[in-house]
Amino acid sequence: MAKFAGKTVIVTGGSSGIGAALVGQFQAEGARTCVLDLTAPAEGSAAPDLSLVCDVSDKRALTAALSDVAARLGPVDIYVSNAGVLSVNTAETEIGDDADWARCWSVNVLAHVHAAHALLPGMARRGAGHFVTVASAAGLLNQIGDAPYSATKHAAVSFTESLAIAYGPRGVGVTLVCPQYVATPLLGLSARSPEGDGVLLSAEDVAVCVIDAVAAGKFLVLPHPEVLDYARQRADDHDRWIRGMTKLRARALDRFGDALPERFYRLL
């Protein structure tokens, strides 16, 4: 029997990358799917039952879209808060400008918060439902070269932990996904790169991990298992970990001439 037969699933940022792969996986498991994104689903990707153009960082727009989905597909059973952004102005300082911070904060953090405000009280009343945050390994570690991205992904991790603590006892499932490097448009890729063999996963790889975790009621999903070892090393000796990350940044500067995130998978 399909794992999610008859369930209504929303995937934000579902027009490409991990989001599009998740739509396909949920559909294969019998779910009714809706994509919330700034653009229509990419040609060749799984067609959702419903696709709405929506800026998920805009609370009013998101709330209206969620009401529309509920009216057309039924109460939301699973919400995958997947939309995310990198900074665009970090090349010079790696700190990011005010626009980077505002953009990353609104999409990488507040979009999760807005969705939780709109959906979790109802899920708690029903004693059922699932909220999935797609964060990043950067939220457990760090993304060299992009301070706004790293800081906001840390905030997303902490926020999702808070949801699990508060709403888990009320029957709401909460899952946190922290992939490392994935071949998606976020990295300027549409498929795996030979240079990323062993490090770079496909969007479909991540989607399968997420589907299995939601079905099992698991909290933390690490599509790259080695991230757990990195996190342990960081916790065990933070000073040593900083020195290691500093050396990795130096390798990036030596090889690429910059420390932008899009190419780091080639160094691992």
Sole residue being in contact with a Phe, Trp or Tyr (Cβ under 9 Å, 6 or more places away or on another chain), crowded, with 17+ Cβ neighbours inside 10 Å and within 19 Å of Val214 (Cβ to Cβ), chosen from Val35, Val69, Val85, Val80: Val80
Index of the failed condition, Thr39 passing every other in (1) of a type outside the set (A, V, I, L, M, F, W, C); (2) closer than 23 Å to His117 by Cβ; (3) not in a helix (DSSP H, G or I): (2)
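Taking Ala135 as the residue in question, decide whether it is within 19 Å of Ala235 (Cβ to Cβ) and in contact (Cβ under 8 Å) with a residue 24 or more places away in the chain. Give the steps one after another, and end with the answer.
Working: within 19 Å of Ala235 (Cβ to Cβ): yes; in contact (Cβ under 8 Å) with a residue 24 or more places away in the chain: yes.
So Ala135 passes the test.
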Wholly within the stretch 90-187, helices (runs of 4 or more DSSP H) carrying at least 1 residues that are of a type in the set (Val, Ile, Thr) and out of contact with any Leu (no Cβ under 7 Å at 6 or more places or on another chain): 111-126, 147-167
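Confirm whether Val11 is touching a residue at least 12 places away in the same chain (Cβ under 8 Å) and open to solvent by less than 10 Å² (accessible area, probe 1.4 Å).
Working: touching a residue at least 12 places away in the same chain (Cβ under 8 Å): yes; open to solvent by less than 10 Å² (accessible area, probe 1.4 Å): yes.
So Val11 passes the test.
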Contacts under 8 angstrom Cβ, first residue in the stretch 44-57 being open to solvent by less than 70 Å² (accessible area, probe 1.4 Å) and modelled with pLDDT under 95, partner of a type in the set (S, T, N, Q) and not in a loop (DSSP other than H, G, I, E, B), 6 or more apart: Ala46/Gln27; Ala46/Thr33; Pro48/Gln27; Pro48/Thr33
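Scan the stretch 31-55 for residues that are closer than 18 Å to Glu204 by Cβ and in contact with a helix residue (DSSP H, G or I) (Cβ under 8 Å, 6 or more places away or on another chain) and jot them down.
Correct list: Thr33, Val35, Pro41, Ala42, Ser45, Ala46, Pro48.
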Residue within the stretch 58-66 that is within 30 Å of Glu262 (Cβ to Cβ) and touching a Ser or Thr at 6+ places or on another chain (Cβ under 7 Å) present: no
Only listed residue being at pLDDT 95 or above, over 18 Å from Ala156 (Cβ atoms) and polar (S, T, N, Q), chosen from Thr8, Thr12: Thr8
Lone unmet requirement of (1) farther than 28 Å from Gly127 by Cα; (2) not in a loop (DSSP other than H, G, I, E, B) for Gln25: (1)
Single residue of Val199, Val214 found to be within 30 Å of Ala5 (Cβ to Cβ) and either modelled with pLDDT of 95 or more or assigned to a loop (DSSP other than H, G, I, E, B) (or both): Val214
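The values are calculated or read from the model by the stated rules, or taken from the named source; none is laboratory data. Keep in mind the model is a prediction, meaning the values are calculated, not measured. Counting neighbours? That spans all protein chains shown, and the Cβs are built from the backbone with ideal geometry, glycine included. The area values use the complete protein model at the heavy-atom level, side chains included, leaving out ligands, DNA and RNA. Shrake-Rupley method; radii C 1.70, N 1.55, O 1.52, S 1.80 Å.
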